[in-house]
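The values are calculated or read from the model by the stated rules, or taken from the named source; none is laboratory data. This one's a predicted model, so the numbers in the text were calculated from it and none came from an experiment. Don't worry about glycine lacking a Cβ; one is built from the backbone with ideal geometry, like all the others, and counts go over all protein chains shown.
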Amino acid sequence: MRPFEYVSAPDVATAVRAISDAPGAKLLGGGTNLVDLMRQDVERPTTVVDISGVPLTGVDELPDGGLRIGALVRNSRLAAHPVVRARFPVLAQALLSGASGQLRNMATVGGNLLQRTRCLYFVDASAACNKREPGSGCDAVGGFHRGGAVLGASEHCIATHPSDMAVALAALDAVVEVESVRGTRRVPLVELHRLPGDTPHRETELEPDELITAVEVPASTAAATSRYRKVRDRASFAFALVSVAAAIDVQDGAVAAVRIALGGVAAKPWRAYEAERVLTGARATEAVFREAAEAELAGAVGLPGNEFKIELARRTIVATLRQLRVEGGAA
Amino acid sequence: MTQAPERVSPPVEPPVVDSGPVVGRPVDRVDGTAKTSGQARYSAEFPYPDITHAALVHADVARGRITTIDSADAEAVDGVLAVITHRNAPKMAEAPKVSLLDLSTMAAGTRVNYLNTDEVHWNGQPVAVVVAETLDAAHAAARLVRVQYEALPAVTDFAAAQGDTKPAKGGMMGAGEAKKGDAEAALATAPVSVDATYTTPPQNHNAIEPHATTAFWDGDELTVHDATQSIDWVRKHLAIRFKVPAAGIRVVATYVGGGFGGKGSVWAGTLLAVLAARVTKRPVRMALTREAVFRTVGGRAPTVQRVALGAGHDGLLTALVHTGVSAVGRTGGNAEPVGSQSQHLYAARSVLIQHRTTELDMLPNTFMRAPGEAVGSFALESAVDELAVELAIDPVELRTRNEPERSPTDGKRFSRQNLARVYADGAERFGWAARDPKPRSMRDGRRLLGWGVATAFHMPIQLPADVSVRLSADGTVLVRSSFHEIGVGAATAQAQITADALGVPLDAVTVEHGDSDQPPAPMAGGSGQTASLAAAVLQACDRIKREALALAGKAPGSPLHGLRPADLRATGGGLFRADVPAGAEHAGETYADILARAGRDHLEARTGSDNRFRSAVGQARFMAGFLNDRRKWVRAAIGAHFCEVAVDEDTGEVRVTRWVGVFDVGRVVNAKTAASQLRGGVVMGIGAALGEETLLDPRTGRIMNPGLGEYHLPVHADVPRIDVSYLDEPDPTAPLGILGIGEVSIVGVAAAVANAVHHATGVRVRDLPVTLDRLL
């Protein structure tokens, strides 16, 4: 790890001023990703602004039944929150499927959203990576890319976003609240992360001096019947090959409302709008689920090492919806 | 079923030993409290007042020459004491030529003379060492060392190198080739046959303790705390490389956090810590990062194997072909003897076993738990399952039908022959009779269930071991030997053996180990440490008892007067007449009484010799005896694995849901630690079956997943309850009947899983690991 300046920020104002004053600064929340990457020489911040003491740790119910989650709420605490468990089971399940107990105890909501890809060539400073060193090339395309994207990727980058929580939040229409010296703004979660195009090093719509302060999850009738299904190479402590966050409201055998997002397949939590379009108003049958899954994956492109994820994603979408239909009592 | 084997008579006189009450019991580890309370010190934990820290700089080309090294920025980091490169490093002697007369010549993990050359032989080879006052400074500075290379053409693609192979030289642990009859011809005419190719990927040991060394020079005298399975090899190897007398080198490895073979050889970290200590004249600690372990310590070689089996409709094998190609490094490594178990396991009328290697510009491979058998059994036991399907014979039945009376390739007798028994026991414990052999016939909701079996087979080695045993007048016993406590409970086992041999309570015995100041012990490898030491401990205890008897026999008033060793048993802290009930009046006396009367404060016996010449003669004599013994007997630990897998019909995810392993490992010394070790082998095998794969980029030869995040060992949630049992019958040809249990239980595990996956899904996976994409 290279030497860096360390600033401890007691509040939001100090934190945003510190990252505004120091280009190349990085925010330290739980440190579960940043510290690893600093050790691997992938992240080389000049200044580390420690925000772990900033009081953004509330989980508050909103008047309309939604939820406001402070950016520094630890993943394990959010997963255990009774309102999350009761009204947004997909979020609790997504959180608990991520990392390990120790990591979830440290990791924060804001940090989880801004964690970096686990692409093997991104985390190895000796490899070519357009995300780490723009213009250097992408060793993953011709190398190991089991974790790589099949949706929205480019020849410049096939990295995936590794978060589970963000996939659930994408399905729940969450909105991210962002603070900087210029003031406050709100960004829909599905618009927070960018697809790589020819600028894979620009991963989010945030400016370098912006701080995520909260995530708001609106009330939703479908969310009560929701589920996160994560498919991975071992039973725990592995990133998703494919994951599906889904919420569905079936009335009289027809889909009244549905939200689906996919993880492990793109540089961002992939909201499955095409699948939702096919499903909405249609009969909640296996055939329709399959049709929806086909529609969503129609534009997917695989490489030799990750092509299986296209079929896996289809199957996982169908399996998750099928299970929700059973759980929702609409079978 | 074959007939019961003829009775095997022991080739040696049984030692004078009373099979007492401690051996076999589930005794708690003698060092359990020290370990769980953090008192037990590992090699990176020995405090020195002026300790320094070292970090490695790794090459990032597969083959080439260093053209420039710029270490100015690294040297400028606060606290950096030295940046050692090939330009300024002291000369080390080359690694010695391998000689069978001195096994320590095999110690070098590679032939590379680190920092004494500008040549790079693999992607990850250390090219510089940074020494600093703090660990952080060392690692920060290591990132700042800039190295330029002239890259040279390199062969780093194992799959592409299959066209360039040559016959294996010797092979690891001495397993060679075998030929009996014309197996290819028999195969061609066999009524039923299978013939398939199986592959296994490179794997790494991933012991919980990364390799670490603390080294300190005092003039030409050297103290090294090293995470090693091979104290004696480290000592002798360092003496050669640094051109100092071995007598001046002390190697300490009191506790080692797992080895699995990865700490059997001497690797760069150990050598370079010692080198750095020489340069800085300070104690140096080199605690390798997990990544550095992957880049500098060899793992298990990838293999491509062919197994072909021919049989009659009765299932009796007429042909068995098992050939394999494994990768070795250009600077070292050995063939994976994948056909090792195939020489002995099944009664085939014709057999062909061949090992070939292909040389890659990569870090040489090394021993990893059951070299050969662990991956060879995947191919063999998968093929047997495929044959069972072809024949429509139950796979348990097919194996027991082919249990040989004598080793099919060389006609040797088996010291034990219980394959049919362990399968029968396992089938009952598992409920195998309820299996519907049809694939996809069993399910649990949306999960397809499958049941699979496979055979475990491993031949433990035995090596000469020296111990000293000291019996004090107060009845306590001190056992000393520089053996290795790598987490298996070795000290506990030797305390139990000693307690029974001398007839003293377990808590009267103290065992000191892991220090070259103690009598030399062999490496902890080949599943041989416990039995090797037991032979020496029994011999030393026997001498003590004879000496005690001689002392007592001189005293006219002693109840032992005039008795011979055969008349006695060691019990109750002394020697007592075997023909008289325990506790009877005048039946014998305690060691304390014997020693007090004789005016002695202790008796001591040491096996082996301090004298170098006599020691060499002793070792040669031992090896001759051992090899002679091997010529007569196949002495193997065996087992039967039964497992259930559940495969998600939608996603192909495989989870192991049930395991039964029944083993024949001879006598079990400690029921608790033995079960743990057998269970651990199954866990490691599940890892190989479902997740483990070192991702070596074929374009660069670089390991791309050098960490536990992306190298997928099983986590707790991947491991079901594992039902382990064993026959617990002493092997008549082994010391105390102990066969050794370190490796056998990993053998066959991957095949059992793959066979169960086939039963569940109808898909035959012949390439490890069995990942879900192969089942979609």
Tally time: how many residues in segment B:627-678 are part of a strand (DSSP E or B), more than 30 Å from B:Gly411 (Cα to Cα) and away from chain A (no Cβ under 14 Å)?
5
Answer yes or no as to whether A:Ala261 is within 14 Å of chain B (Cβ to nearest Cβ), crowded, with 18+ Cβ neighbours inside 10 Å, under 21 Å from A:Ile158 (Cβ atoms) and in contact with a strand residue (DSSP E or B) (Cβ under 8 Å, 6 or more places away or on another chain).
no
Scan segment B:561-604 residue by residue and report those that are within 22 Å of B:Leu478 (Cα to Cα) and of a type in the set (Val, Ile, Thr).
B:Thr571, B:Thr590, B:Ile594
So which of A:Val7, A:Val16 ends up being among the β-branched types (Val, Ile, Thr) and closer than 26 Å to B:Ala74 by Cα?
A:Val7
What do you reckon, is B:Ala207 modelled with pLDDT of 95 or more, surrounded by 17 or more Cβ atoms within 10 Å (Cβ to Cβ), touching a helix residue (DSSP H, G or I) at 6+ places or on another chain (Cβ under 7 Å) and hydrophobic (A, V, I, L, M, F, W, C)?
no
Among the residues of segment B:331-344, are any farther than 21 Å from B:Ile746 by Cβ, touching a residue at least 12 places away in the same chain (Cβ under 8 Å) and in contact with a Ser or Thr (Cβ under 7 Å, 6 or more places away or on another chain)?
yes
Take B:Asp718 and tell me if it is of a type in the set (Asp, Glu) and more than 14 Å from chain A (Cβ to nearest Cβ).
no
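A quick yes/no check of all residues on (1) more than 14 Å from every other protein chain (Cβ to nearest Cβ); (2) assigned to a helix (DSSP H, G or I):
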site	(1), (2)
B:Val682	yes, yes
B:Ile686	no, yes
B:Glu693	no, no
B:Thr733	yes, no
B:His758	yes, yes
B:Val763	no, no
Sort through B:Thr455, B:Thr400, B:Thr409 and tell me the only one that's among the polar types (S, T, N, Q) and assigned to a strand (DSSP E or B).
B:Thr455
Scan (1) assigned to a loop (DSSP other than H, G, I, E, B); (2) within 25 Å of the chain's Cα centre (by Cα); (3) without any contact (Cβ under 8 Å) to a residue 40 or more places away in the chain for the single condition B:Asn113 breaks and write down its number.
(2)
Only strands (runs of 3 or more DSSP E) wholly contained in segment A:42-137 count here; list those with 1 or more residues that are within 20 Å of A:His193 (Cβ to Cβ) and within 18 Å of the chain's Cα centre (by Cα).
A:67-70
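So that you can scan it fast, the table gives a plain yes or no per residue for (1) of a type in the set (Gly, Ala, Ser); (2) farther than 20 Å from A:Leu37 by Cβ; (3) at pLDDT 95 or above:
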residue	(1), (2), (3)
A:Val84	no, yes, yes
A:Val109	no, no, yes
A:Pro134	no, no, yes
A:Ser154	yes, yes, yes
A:Ala166	yes, no, yes
A:Ala170	yes, yes, yes
A:Ala174	yes, yes, yes
A:Glu179	no, yes, yes
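Here is a yes/no grid of residues against (1) away from chain B (no Cβ under 11 Å); (2) in contact (Cβ under 8 Å) with a residue 12 or more places away in the chain; (3) not in a loop (DSSP other than H, G, I, E, B):
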site: A:Ala275; (1), (2), (3): yes, yes, yes
site: A:Gly281; (1), (2), (3): yes, yes, no
site: A:Phe289; (1), (2), (3): yes, yes, yes
site: A:Ala300; (1), (2), (3): yes, yes, no
site: A:Lys309; (1), (2), (3): no, yes, yes
Would you tally the residues in segment A:125-151 being buried (at least 24 other Cβ atoms within 10 Å of the Cβ) and either away from chain B (no Cβ under 13 Å) or not β-branched (Val, Ile, Thr) (or both)?
10
Residues in segment A:62-96 that are in contact with a strand residue (DSSP E or B) (Cβ under 9 Å, 6 or more places away or on another chain) and farther than 20 Å from A:Thr320 by Cα: how many?
15
Output the residues belonging to segment B:229-266 that are touching a helix residue (DSSP H, G or I) at 6+ places or on another chain (Cβ under 6 Å) and within 21 Å of B:Glu743 (Cβ to Cβ).
B:Trp233, B:Ala253
Which residues, counting only those in segment A:158-185, are farther than 19 Å from A:Leu113 by Cβ and either out of contact with any Ser or Thr (no Cβ under 6 Å at 6 or more places or on another chain) or surrounded by 20 or more Cβ atoms within 10 Å (Cβ to Cβ) (or both)?
A:Ile158, A:Arg182, A:Gly183
Looking only at residues in segment B:695-704 that are touching a residue at least 40 places away in the same chain (Cβ under 8 Å) and either among the polar types (S, T, N, Q) or part of a loop (DSSP other than H, G, I, E, B) (or both), which one is farthest from the other protein chains (Cβ to nearest Cβ)?
B:Gly701
For segment B:95-143: of the residues being over 13 Å from B:Gly79 (Cβ atoms) and charged (D, E, K, R), which is nearest to the other protein chains (Cβ to nearest Cβ)?
B:Arg143
Given the options A:Ala240, A:Ala247, A:Ala313, name the one that is touching a residue at least 24 places away in the same chain (Cβ under 8 Å) and assigned to a loop (DSSP other than H, G, I, E, B).
A:Ala240
The listed residue being at pLDDT below 95, crowded, with 21+ Cβ neighbours inside 10 Å and either among the small types (Gly, Ala, Ser) or within 30 Å of B:His484 (Cα to Cα) (or both), out of B:Gly526, B:Gly553, B:Gly557
B:Gly526
Out of the residues in segment A:110-151 that are among the aliphatic types (A, V, I, L, M) and touching a helix residue (DSSP H, G or I) at 6+ places or on another chain (Cβ under 6 Å), state the one that is nearest to A:Gln40 (Cα to Cα).
A:Leu113
State all residues of segment B:212-240 that are of a type in the set (D, E, K, R) and either buried (at least 23 other Cβ atoms within 10 Å of the Cβ) or within 22 Å of the chain's Cα centre (by Cα) (or both); if no residue qualifies, say none.
B:Asp226, B:Asp232, B:Arg235, B:Lys236
How about segment A:162-200: which of its residues are closer than 30 Å to A:Ala140 by Cβ, touching an Asp or Glu at 6+ places or on another chain (Cβ under 8 Å) and of a type outside the set (Val, Ile, Thr)?
A:Ala174, A:Pro188, A:Leu189, A:Glu191, A:Leu192, A:His193, A:Arg194
